[in-house]
Amino acid sequence: MNLILLGPPGAGKGTQADIISKKHRIVQLSTGEMLRQAVKAGTETGRKAKELIEAGKLVPDEVVVGIVAERIEEPDCANGFILDGFPRTLPQAAALEKLLDEKGKTLDVVIELKVDDEAMVERITGRYSCASCGMGYHDRHKKPKTPGVCDECGNKGFMRRADDNEETVRARLLAYYRSTAPLIGYYFAKDRYSSVDGMADIDEVAEQIEKLLV
């Protein structure tokens, strides 16, 4: 089974990909992690990516597609894979389709985690974590039982990601809708698109996705 998860930053794609990966024994692939692995392994495509990254340049589609091509040939992808964060644009989607066709593989389903923009801004900007153990909290939905004290380790220091502010979150949402949202129409036309309510509880989202996979 080969699938793609779509959704803006913070929609929960990574969490759901992890659940699917463990249940169906298929590999979760993120472009960032694949790039790091290719660079570390010193593959031909990895060396190209390293040169571009060190020069402060964006990694072009052909290099990213090359890394995906190398990765899905690894033995652990034999049962299938979940692409998280790729493709991001229509040209990448077309390149992926060509790549899979050349390798005799198919894309089974594309699932979008649909979210409410305002709720997403509130969800992301309100999150923070323990500076010691990393336990996650939220200003409204998950506060420590004792104010200012981590439930897990008792630490009194907390931290927020620098980019978890409203301006940055809205910019990331806009970037998603500009470049990635057109993929919805692309895959709908190919009868591979489905969607789930990404604002539901994690377990409920997982159940919705599972119904699309059976």
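Computed from the coordinates by the stated procedures, all read-outs in this text should not be read as laboratory data. If you're wondering where the values come from, they're calculated on a predicted model, not measured in any experiment. Every residue, glycine as well, gets a Cβ built from its backbone with ideal geometry; the counts of neighbours run over all protein chains shown.
Return, for the Cα atoms of segment 41-198, the radius of gyration and Dmax in Å, separated by a comma.
In Å, with Rg to one decimal and Dmax whole: 19.9, 57.
Hydropathy at least 0.5 by Kyte-Doolittle, axial extent at least 27 angstrom from the Cα trace: which helices of the chain, defined as entire DSSP H runs, fit? Could the numbers behind the result be given before it?
On the way: long enough: none.
Span-like helices, by this rule, are absent here.
As I understand it, the dipole of segment 107-192 uses +1 on the Cβ of Lys and Arg and -1 on the Cβ of Asp and Glu, about the Cα centre. Which of Gly154, Thr168, Tyr187 lies farthest toward its positive end?
Gly154
Just want to confirm a number: the relative contact order over segment 73-208, from Cα pairs under 8 angstrom separated by 6+ residues, in percent.
Working: 128 pairs, mean separation 42.6, N = 136.
Once divided by the residue count of segment 73-208, the mean separation gives 31 percent.
For the pair Asp116/Lys156, report the inter-label distance in nm, with labels modelled 7 Å from Cα in the Cβ direction.
It is 3.7 nm.
Pulled fully out, how much extra length does the chain show between Glu102 and Arg192, if you take 0.36 nm times their separation in residues and subtract their Cα-Cα distance? The partial results should precede the final answer.
Values: separation 90, 0.36 × 90 = 32.40 nm, distance 1.90 nm.
Going from the current span to full extension adds 30.5 nm.
Tell me, for the chain, which Cys residues have no other cysteine's C-beta sitting closer than 4.7 Å.
Cys77
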